[in-house]
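Notes follow the structure.
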Amino acid sequence: MPDALSSFRICDFTGQLAGAGATKWLASCGAEVIRIEDPVRQGRWDILRGLPPFVDERRGIEMGGGFNNHNTDKRGITLNLRTERGKELLTRLIEVSDVVSENFAKGVLERWGFGYERLKEIKPDIIYLSQSGMGQVGVYGRYRTVGPIAASFAGVSELSGLPEPYAPAGWGYSYLDWFGAYNLANAMMSALYYRDRTGKGQWIDSSQVDAGIYLNGTSVLEWSANGTIWQRYGNRSPYKPAAPHGAYRCCDDVESVDRWVAFGCFDEADWQSLRRVMGDPEWAASQRFASLADRLANQDELDERVSEWTQQHDRWDVMKRLQEAGIAAGVCQDAQDRVEADPQLAHLNWLTEVEHSEMGAWPTKEVPVKWSETPPFMGGPIDRGAPCYGEDNSYVLGELLGMSTSEINRLADDGVIAEGLDSV
């Protein structure tokens, strides 16, 4: 059975998370994604090439764990677009592609001679996707940025952290890279659907700031409807009162590593259940905690008391006991937990091993949805590791563009592609 998107081909210049994460989605659903890499810079316009984490002591441009995670199921070629021959070959590849995707700074592809007007001359129904931090137009259109800066402009960073007078904590990671990627993948699919109905391509200008704004709709609504500015609440609930409600330190099972469990008591039944699980300590009977209103008024003291109890116990044990008592609770998992300990994630096959030409077997994240009728089926999996540098030169130039082995070798001699062609 063919993959859902096996009829589409993407000429892909994307890198890092925000761009490569989008085309990974389509590649995982069967689209043929061909990464274009620069032989002069050895593919390093994607800064993740060759960066940690590493699988072992080996280093080099093929060994970057992040790059290999974001580019599974893709093919890769090298093409020197500083040369006229390289530009000619790119033109021929665009002619047999459905999409050209990139997340360079504004105007890079246009300076190379492949702006949208030129792309339409090459193939009138081409879909051109530009992913950037700020978008291609407007006051900030020329600015270069990365996910955390885009999150600040979008207002997302202001939403997280402890209440005033503390500063915003941000989200601790480049989340807008992934949200930008999902936004871009959705836009790509919409454009392909539109083209199938109308025969028309289009240029999609996708920005991480735009994607980020959709993550703080509640704070925008608060201001628009009520004229109030969103307040940071830390771990406490701004809408449905709950006490205790937060993340609580537990007994460390690894020296010098904090372990936490999160839970909340939203009504009297939750509170009484928590008291029973804790062994009904004497302090819990205090009038200071008699009602939900009392517990909310004395929440700092309550958190200290609850933490004294949780720190005597293992986090998994606390979670299990609270859940069995009907209290919403969950361990705050770190990366090791998600890879090695979480039974539900293991059941969902969220990690799958793929074979990489240089690294060997390498675990990578599956797409987080399964289809019942088309691959990836229920249970996946992704079946190809990220392409090594120039790994698919022979396939793309030979099978797709019809060049002979001697012609391909001549391209290597002339510096149009990387030397040392690998087998497909």
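Only the coordinates and a few stated rules stand behind these numbers; no lab work does. Remember, predicted model here, so these are calculated numbers, not experimental data. Cβ: placed from backbone, ideal geometry, glycine included. Neighbour counts: every protein chain shown.
For the stretch 234-247, 3J(HN,Hα) computed residue by residue from phi via the Karplus equation (6.51, -1.76, 1.60; θ = phi - 60°) reads x, 8, 8, 8, x, 10, 10, x, 8, 7, x, 7, x, 10 Hz, glycine and proline entered as x. Label-to-label distance for Glu282 and Tyr193 is 6.5 nm, based on points extended 7 Å past Cα in the beta-carbon direction. Volume per residue of the convex hull around the Cα atoms, evaluated for the stretch 314-398, comes out as 127 Å³. The alpha carbon centroids of the stretch 99-137 and the stretch 27-94 are separated by 18 Å. When only Cα pairs under 8 Å and 6 or more residues apart are kept, what is the percent relative contact order across the stretch 90-225? For the stretch 90-225, the relative contact order is 28 percent. Enter the per residue convex hull volume of the stretch 114-203, computed from alpha-carbon coordinates, in Å³ rounded to the nearest integer. For the stretch 114-203, the hull spanned by Cα atoms encloses 115 Å³ per residue. Springs between Cα atoms under 10 Å define the GNM used for the chain, and in it the highest mean-square fluctuation of Pro343, Pro124, Pro387 occurs at Pro343.
Only Cα pairs under 8 Å and 6+ residues apart enter the sum, and on that basis the relative contact order of the stretch 245-332 stands at 44 percent. The candidate values were (i) 26.0, 88; (ii) 21.5, 61; (iii) 22.7, 65; the one computed from these coordinates for Rg and Dmax of the Cα atoms in Å carries the label (i). Exceeding 30 Å between C-alpha atoms, which entries from my cross-link table qualify? They are Lys74/Lys200; Lys120/Lys365; Lys74/Lys106; Lys87/Lys365; Lys106/Lys200. Over 30 Å Cα-Cα: Lys120/Lys365; Lys87/Lys365.
A cut-off under 15 angstrom between Cβ atoms defines the neighbours of Val99, and their net charge, with Lys, Arg +1 and Asp, Glu -1, is +1. Considering only alpha-carbon pairs that sit under 8 angstrom and 6 or more positions apart, the relative contact order computed for the chain is 18 percent. Scanning residues 5 or more positions from Trp203 or on other chains, those with amide H under 5 Å from its amide H are Tyr128, with H placed 1.01 Å from N in the peptide plane. Taking amide H as placed 1.01 Å from N in the peptide plane, the amide H of Gly15 sits under 5 Å from that of Ala20, Asn103, each at least 5 places away or on another chain.
Couplings for the stretch 335-348, taken from phi via the Karplus curve 6.51 cos²θ - 1.76 cosθ + 1.60 with θ = phi - 60°, read 4, 4, 4, 5, 7, 10, 10, 6, x, 5, 5, 5, 4, 7 Hz in order; Gly and Pro are left as x. Projecting the Cα atoms of Met189, Gly199, Gly133 onto the charge dipole of the chain, computed from C-beta unit charges around the Cα centre, puts Gly199 farthest toward the positive end. For Gly30, the residues 5 or more places off, or on other chains, whose built amide H falls under 5 Å of its own are Leu5. For the stretch 1-156, the calculated P(r) over all alpha carbon pairs, in 10 Å bins from 0 to the bin holding the longest distance, is 10, 36, 37, 15, 1 percent. Treating each Cα of the stretch 255-381 as one equal point scatterer and applying the Debye formula with no solvent, the log10 of I(q)/I(0) at q = 0.18, 0.20 Å⁻¹ comes out as -0.98, -1.12.
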